[in-house]
Amino acid sequence: MTTLRLILGDQLNPLHGWFSETDANVIYVLMEVRQETDYVLHHAQKILAIFAAMRDFAHRLRMAGHRVHYLGIDDPDNEQSLPANLDWLIGHYQANVFEWQAPDEWRVDQQMAKYAEQLDVPCQMTDTEHFYTRRKEAAEYFADKKQWLMENFYRRMRMKYRVLMNADDSPCGGQWNFDHDNRKSWRGIPRQPCDPRIAHDHSALWKTIIDAGVKSFGEPCEDRLPWPLNREEALAQLDSFIEFALPDFGDYQDAMNTQAPRLFHSLLSFSLNVKMLNPREVVARAERAYRDGHASLPAVEGFIRQIIGWREFMRGVYWARMPEYRESNGFGNVLKLPVWFWNGETNMRCLKHSIGQSLESAHAHHIQRLMVIGNFALIAGINPFEVHEWYLGVYVDAFEWVEMPNVLGMSQFADGGGLATKPYASSAAYIDKMSDYCKECHYDRKARLGETACPFNALYWDFFERNAGRLKGNSRLVMVYKQLERMDGDAKAGIDARARELRGGLDEL
Ligand code: FAD
Ligand code: DLZ
Ligand code: SF4
């Protein structure tokens, strides 16, 4: 009996049960395929990091005694799609059994299910052994509830997995959520975590990718690729985060600064999403830092919430709502993505910096993604599917199951509020409070009208005015609509004219 087992590029978990023993009758297959490089235009570093990590993984499997067939992007045998390569490999090895780990993306899941259906050898899908929750677990939990509230899901996770809990079933510190303590802006306090990132030279692999004709954008950084490519490197990054950055994670979670692109974020999303790290070990390390007195409860709770709360919740939303979810466009937005999303060349300093950083490093932290880039796309009225494709391509950690609910749900409110209780829209005031972007901006953060007025200001009010039909009844927006009602006709006409001008010339901003 010969078994062929497929490992996808985001299934690089050496601790998976599959690998607990070696078996000469089992062949592991990894493949670099145009099907996966081309479903969206990707950032160069995303392709490079995934291929390099896949190659490293294959090498380590071989070293551990496993049989591996690796199809490189330039391999003459490579048919460039999962089914075509699998057909060929099953024939080549005369495999009697085919197995694969549950894909995290609906697109690949469907493809594999259809492939298995027509196959005449027995096949089986197995769990990735990565997530806390099953695909449909959140949907089951929310089935009898009015709204999908992350906070409720999160508390259930804390109780179920006994994370930051006291023996009497109360949450540590007597409070579930310390979000209100986690909103300080960072004013250049000279404490930046030491950056544990690695500098790999992958010039040869990058040349192979280019020669194979794979298209991409952004800086490849092929001679200093800064992403962990295996579990050892990911663990070193986790150690460094816990030691140097976690203590400040809470305070500056929502801050943005031109001098400190990373601030106190963990940069662990790539390692987590390709499964080099398990969320349980990351959560356990953070909790231990609190129990040992190394980091405060607000910092640790804030960090853990992102992982057992938001990350698992987003996955639940994705599997509950796909495939219809990808069509979400509750506001009927149609504007095209401005050209500067691809080069960062805009006079808006916040966007120049956040998009520029994304193009340079394939990473931006949460508030840049949500309150600068996403906020602008939302209030300007850009087509959410275009926004989704940009996010899916640009970030090294972007895989549809987590990217799509964050973009279409949390950031663009395109699902009509299925996920967020109100749109994450803001004027310049919020960005100015949380960052140093506005200080040297070409635009005036205080002005609403006039050529040099900050575009966010008119677009903000225009967004609520244009979408009053959908949003006015939202109890969390009462104040916004009260303020709009108090505005006189001239003020409203001015906003309308300025917003029309801005929306008609987004490329020029
Ligand atoms: P930290 O700030 O250190 O957070 C720790 C971990 O918590 C992250 O590594 C991540 O695994 C998890 N996490 C934090 N916030 C979220 C969230 N909202 N949803 C799910 N997990 C979360 N995250 C992705 O992993 N992939 C994406 O494609 C992605 N797209 C996003 C798009 C938008 C519009 C927004 C608003 C957020 C998106 N996020 C995405 C969530 C978040 O921005 C990133 O996880 C985070 O910036 C990664 O950097 P970090 O590892 O330093 O995170
Ligand atoms: C993102 C990505 C890229 C760019 N290339 C590959 C690849 O060539 N082979 C592969 O197995 N996986 C790749 N990936 C990751 C996949 O897109 C991801 O594994 C699936 O979408 C399932 O989530
Ligand atoms: Fe961004 Fe407006 Fe501030 Fe300029 S003034 S950085 S455009 S929010």
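The values are calculated or read from the model by the stated rules, or taken from the named source; none is laboratory data. Remember, it's a predicted structure, so these values are computed and weren't measured experimentally. When we count neighbours, we look across all protein chains shown, and the Cβ atoms used for this are built from the backbone with ideal geometry, even at glycine.
Candidates in region 462-474 are the residues that are buried (at least 18 other Cβ atoms within 10 Å of the Cβ) and under 28 Å from the mean Cα position of the chain (by Cα); of these, the one that is nearest to Lys336 (Cα to Cα) is Phe463. If you check Thr133, Thr126, Thr208 for being over 26 Å from the mean Cα position of the chain (by Cα) and either over 30 Å from Arg291 (Cβ atoms) or buried (at least 17 other Cβ atoms within 10 Å of the Cβ) (or both), only one passes: Thr208. For region 344-380, residues that are more than 16 Å from ligand 2 (Cβ to nearest atom) and outside any helix (DSSP H, G or I) total 7.
Screening region 1-105 for helices (runs of 4 or more DSSP H) wholly inside it with 2 or more residues that are farther than 25 Å from Tyr395 by Cα returns the ranges 44-63, 82-92.
Does Gln110 fit the bill of being in contact with a His (Cβ under 9 Å, 6 or more places away or on another chain) and not hydroxyl-bearing (Ser, Thr, Tyr)? So Gln110 does not fit the description; no.
Looking only at residues of region 234-277 that are in contact with a helix residue (DSSP H, G or I) (Cβ under 6 Å, 6 or more places away or on another chain) and aromatic (Phe, Trp, Tyr), we find that the one that is farthest from His294 (Cα to Cα) is Phe264. Of all residues in region 220-237, at least one satisfies being of a type in the set (Gly, Ala, Ser), more than 12 Å from ligand 1 (Cβ to nearest atom) and either buried (at least 23 other Cβ atoms within 10 Å of the Cβ) or not assigned by TED's automatic domain parsing to the domain that holds Arg55 (or both).
Restricting the first member to region 54-78 and to residues that are under 21 Å from Asn13 (Cβ atoms) and touching a residue at least 40 places away in the same chain (Cβ under 8 Å), and the second to residues that are assigned to a helix (DSSP H, G or I) and polar (S, T, N, Q), the beta-carbon pairs closer than 8 Å and six or more apart or on different chains are Leu71/Asn85. Checking the stated criteria, Gly309 turns out not to satisfy the condition of being assigned by TED's automatic domain parsing to the domain that holds Met150, of a type outside the set (Val, Ile, Thr), closer than 24 Å to Asp432 by Cβ and away from ligand 2 (no atom under 16 Å from the Cβ).
In the set (1) within 16 Å of ligand 3 (Cβ to nearest atom); (2) within 29 Å of Met314 (Cα to Cα), the condition left unmet by Asn457 is number (2).
Checked against the criterion of being of a type outside the set (Val, Ile, Thr) and within 12 Å of ligand 2 (Cβ to nearest atom), the candidates Gln94, Gln45 yield just one match: Gln45. Within region 386-394, is there a residue that is closer than 23 Å to Asp38 by Cα, without any contact (Cβ under 8 Å) to a residue 40 or more places away in the chain, within 16 Å of ligand 2 (Cβ to nearest atom) and hydroxyl-bearing (Ser, Thr, Tyr)? Yes: one or more hits. For region 358-373, state whether one or more residues are closer than 13 Å to Gly409 by Cβ, in contact (Cβ under 8 Å) with a residue 12 or more places away in the chain and among the polar types (S, T, N, Q). No, every residue in region 358-373 fails to be closer than 13 Å to Gly409 by Cβ, in contact (Cβ under 8 Å) with a residue 12 or more places away in the chain and among the polar types (S, T, N, Q).
Among the residues of region 421-445, just one is within 24 Å of the chain's Cα centre (by Cα), near ligand 3 (Cβ under 8 Å from one of its atoms) and outside any loop (DSSP other than H, G, I, E, B), namely Ile431. Note on region 17-73: among residues that are in contact with a Gly (Cβ under 6 Å, 6 or more places away or on another chain) and farther than 15 Å from Asn230 by Cβ, the one that is surrounded by the fewest Cβ atoms within 10 Å (Cβ to Cβ) is Thr22. The set of residues in region 378-407 being of a type outside the set (Val, Ile, Thr) and either within 18 Å of Glu312 (Cβ to Cβ) or not assigned by TED's automatic domain parsing to the domain that holds Asn343 (or both) consists of Asp397, Ala398, Phe399, Glu400, Trp401, Glu403, Met404, Pro405, Asn406.
Against the test of being more than 25 Å from Pro338 (Cα to Cα), assigned by TED's automatic domain parsing to the domain that holds Thr421 and in contact with a Leu (Cβ under 8 Å, 6 or more places away or on another chain), the options Leu502, Leu484, Leu477 yield a single qualifying residue, Leu477.
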